[in-house]
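**Q** This is the structure I want to talk about, given as structure tokens.
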Amino acid sequence: MAVKFTCSLTALCCLAFWSFTRTSDATYVPPPHSTTKPGFPVPMNTDNPGVRKAARFGVYRYNNSSNDLFLFKESQITKAMVQIVRGLKYMLHVEIRRTVCEKREHSNLDSCHFQKKKSLQQILRCYFEVWITPWLHKASVPTAVCD
């Protein structure tokens, strides 16, 4: 009986995950006849809403750990991959730029414009790994490296 329940629960979780990815456009799920193996990273379109959201999580992590007076915001996502492993693991190469918004005054990056003053402009190239577990409504950024 326990095995039957476990199989049913697994099937239900897979169905729920599949429906989430289909409706949210969070990730690419290969068709059943695909040669892509589960657990392998898959290239993603950098304009994908899930990729853009993951990049923003990476930028928030950078801003929270930076001593810079100004907030940074993503200016370009140059490469994106996703791996399905206990959630979605995004591997992103992102260019971020300093904005005119000071950390102590703003929290919404959407309303922040990039620096126009040449002396204050700064561009960083970052690699973010962002783990999103949709069914737990959790996101974490274990890796955020910028130079």
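The values are calculated or read from the model by the stated rules, or taken from the named source; none is laboratory data. Note that this is a predicted model, so its numbers are computed, not measured. As a convention, Cβ positions derive from the backbone with ideal geometry for all residues, glycine included, and neighbour counts pool all protein chains shown.
**Q** Please enumerate the residues belonging to the stretch 71-98 that are out of contact with any strand residue (DSSP E or B) (no Cβ under 7 Å at 6 or more places or on another chain) and part of a strand (DSSP E or B).
**A** Selection gives Ile84 alone.
**Q** Being farther than 13 Å from Val141 by Cβ and either in contact with a Phe, Trp or Tyr (Cβ under 8 Å, 6 or more places away or on another chain) or assigned to a strand (DSSP E or B) (or both) is the filter here, so list the residues in the stretch 49-65 that pass it.
**A** Gly50, Val51
**Q** Here are some residues: Ile96, Ile123, Ile77, Ile84. Which one is surrounded by 11 or more Cβ atoms within 10 Å (Cβ to Cβ), at pLDDT below 95 and of a type in the set (A, V, I, L, M)? It would help to see each step written out before you state the result.
**A** Details: Ile96 fails: at pLDDT below 95; Ile123 fails: at pLDDT below 95; Ile77 fails: at pLDDT below 95.
Answer to the check: Ile84.
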